[in-house]
Structure formats: C-alpha cells, structure tokens
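Input: a single structure, listed below in structure tokens.
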Amino acid sequence: MTAASQFQPHERIDGDSALGLVFIADHAFNLMPEEYGSLGLPSSEMERHIAYDIGIEGLTRALARLTGAPAIMARFSRLLIDPNRGADDPTLIRQLYDGTVVPGNYPMSEEERALRLARYYQPYHEAVDALLDEVEERAGKPPLVISLHSYTPRMQGRERPWHVGILWDSDARAVTPLLNMLRAEPGLVVGDNEPYDGALAGDSMFKHCTVKGYAHALIEVRQDLISGEAGIQEWANRLAPMLMDLNAQPELHESIIGPSRTGPVPGRE
C-alpha cells in the first residue's frame, strides 16, 4: 500500500442524521500526503492561514458534540488543492498566496492537477454528497447545511475588524435570522459577506447547496478568537444554540432552487 493510498482525504464525525443539520469544514487541516512533504515550504508556512483555517477543526468538533449533528472535514491542506473552489477555478491550486510562493505547485502539469483532483478533491466532495443524502433520507427532509471557516485578522496590510462574518450568495433563508442573532450579541462586530463575498461559482456551498436548493450559511470566525481551546469553546457555546434554533425552523428544510449572483444554476428553470 502506497503512502498516497493510506492518506484519508476526509474525516466524518458521526452524529444524529435524523436532526437534519450538517456541518462542513473545507479547510480544517494543514495535513499533506507524505510524498508532497510541505510543497517545498518551510514548516512555519504550513502553520499559517494560507495552509488551513486555524481553529476550525476544534470548532467543528465542538459544535458537532454540542448539537449532536454529523460533520465532515477535508483533511488535506488547501495548498495541495482547495476543496472550496470549483474544479476550473484559477485559485484551485495556488502558486502564490498572501505573498508566499508555493514551490511544489509550480510548474503544475495537467497530469498532476488531474491526480490531485481524483485523489483528494473528488473523494472529499463525494463524501459530502453521501452525508447530505444520508441526512436527507434519515431526517425525511432536506438538510440545513452550515459551512465553517476562519480568517486571518489581517490580510495584505488590511485589518479586519469583524469578529464573525456570514457569507452567502442569494439564499437568505438561514442567513438573515443568523445575522440577527449574532448582532444581538453584545460587543460583536458582525460582517455581512465580510471579509469575503459568498458568491463564488463552483465552491462548496454552490456545489452542495445552491444547486440542490438546500438552505445554508457559511460562518467565518476570526482566527485569533479561536486559536486556543478557550476561544473555541466560547464560540461553540455561542453558536450551538443559534444553529439549533435555525434547524428547528421548518422553512429551512425545504428545497428551493433559487438564483445565484454568479450566473445560471444547473437545473433551475
């Protein structure tokens, strides 16, 4: 058995599928298959935000534990291949990220690109689809999907003041009540499509939710707030009851294929 075949591209956290709630974490780990080393980077670069979403593995596990809902996480670093990008996105395999050149990604042959898609990217997304199908079958209704991410407090010299942001495209069913609940928290600075715009063709939410009509929201927590166990637990305790409240709303378990700001949605009239 080769090192490549031993590397597991995803990890599932089991939970009560009948709840109808699913957590997805695309960037939870900074792991690399053995044969790739650290893509020619110093080990310190693999500890930066460019390699993974700091704190999200712990937050995902804590939220799954508190809510009882299942979760799935990609185990490979986003520098190997980014599961939160469409397969044709130019940033799918980054050669330069926040000032860091990634030697192992340049040059990138078509054969190597296809191998990473087949060995890591596609198995992860197939596992996400399988979990969503299972939850819909067990719950007897479309799932509510929550994607978990974190972001660096500063990027390219720009300070980011938000403690948390909710990213979304055009489906506001879960977003509007979640924004309202977060904004009711004293002292929180809450971003609406900050620090990024949530409309990205082919990303995880488009691929697994928009095209299926599943209600969803992408939560971004600032990394300095969840870099340790205390912060992770604080945010899990804050978010878990909000997400359970959302999950109890029947209108968030209807499949409604709506528009996308990125362009046409497959299957939509």
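Considering each residue of region 225-269, count those that are charged (D, E, K, R) and assigned to a loop (DSSP other than H, G, I, E, B), and give that number. Number of matching residues: 4.
Would you pick out the residues in region 66-97 that are open to solvent by less than 40 Å² (accessible area, probe 1.4 Å), under 30 Å from TRP235 (Cα atoms), in a loop (DSSP other than H, G, I, E, B) and not small (Gly, Ala, Ser)?
Of all residues in region 66-97, those open to solvent by less than 40 Å² (accessible area, probe 1.4 Å) come to 67-74, 76-86, 89, 92-93, 97.
Narrowing further to those that are under 30 Å from TRP235 (Cα atoms): 67-74, 76-86, 92, 97.
Applying the additional criterion that residues be in a loop (DSSP other than H, G, I, E, B) yields 68-70, 77-86, 92.
Passing the criteria: PRO70, ARG78, LEU79, LEU80, ILE81, ASP82, PRO83, ASN84, ARG85, LEU92.
Here is a check on your reading of the model: is ARG61 at pLDDT 95 or above, open to solvent by 10 Å² or more (accessible area, probe 1.4 Å) and of a type in the set (D, E, K, R)? Here the answer is yes, as ARG61 does meet what is asked. Quick one: would you say ASP16 is surrounded by 17 or more Cβ atoms within 10 Å (Cβ to Cβ) and not small (Gly, Ala, Ser)? No, not satisfied. Taking every residue in region 250-269 that is under 25 Å from SER17 (Cβ atoms) and modelled with pLDDT of 95 or more and pairing it with any residue that is part of a loop (DSSP other than H, G, I, E, B) and among the aliphatic types (A, V, I, L, M), at least 6 positions away or on another chain, the pairs with Cβ-Cβ distances below 6 Å are LEU252/ALA174; LEU252/ALA215. Scanning region 98-122 for residues that are aromatic (Phe, Trp, Tyr) and buried (at least 20 other Cβ atoms within 10 Å of the Cβ) gives TYR120, TYR121. Quick check: is even one residue across region 7-30 farther than 19 Å from LEU131 by Cβ, touching a Phe, Trp or Tyr at 6+ places or on another chain (Cβ under 6 Å) and not basic (Lys, Arg)? Yes, region 7-30 has at least one match.
Is there a residue being of a type in the set (Asp, Glu) and under 17 Å from the mean Cα position of the chain (by Cα) anywhere in region 129-148?
Yes, the conditions are met somewhere in region 129-148.
Pick from region 185-211 the residues that are open to solvent by 50 Å² or more (accessible area, probe 1.4 Å) and over 16 Å from ARG85 (Cβ atoms): which of them is nearest to the chain's Cα centre (by Cα)? Within region 185-211, the match that is nearest to the chain's Cα centre (by Cα) is GLU194. VAL128 meets the conditions (1) crowded, with 18+ Cβ neighbours inside 10 Å; (2) over 16 Å from ALA28 (Cβ atoms) in every case but one. The failed one is (2).
The values are calculated or read from the model by the stated rules, or taken from the named source; none is laboratory data. Model, not experiment: these values are computed from the prediction. A quick note on method: Cβ atoms are made from the backbone with ideal geometry, for glycine too, and the neighbour counts reach across all protein chains shown. Quick note on the areas: whole protein, heavy atoms, side chains included, nothing else; ligands and nucleic acids left out. Shrake-Rupley method; radii C 1.70, N 1.55, O 1.52, S 1.80 Å.
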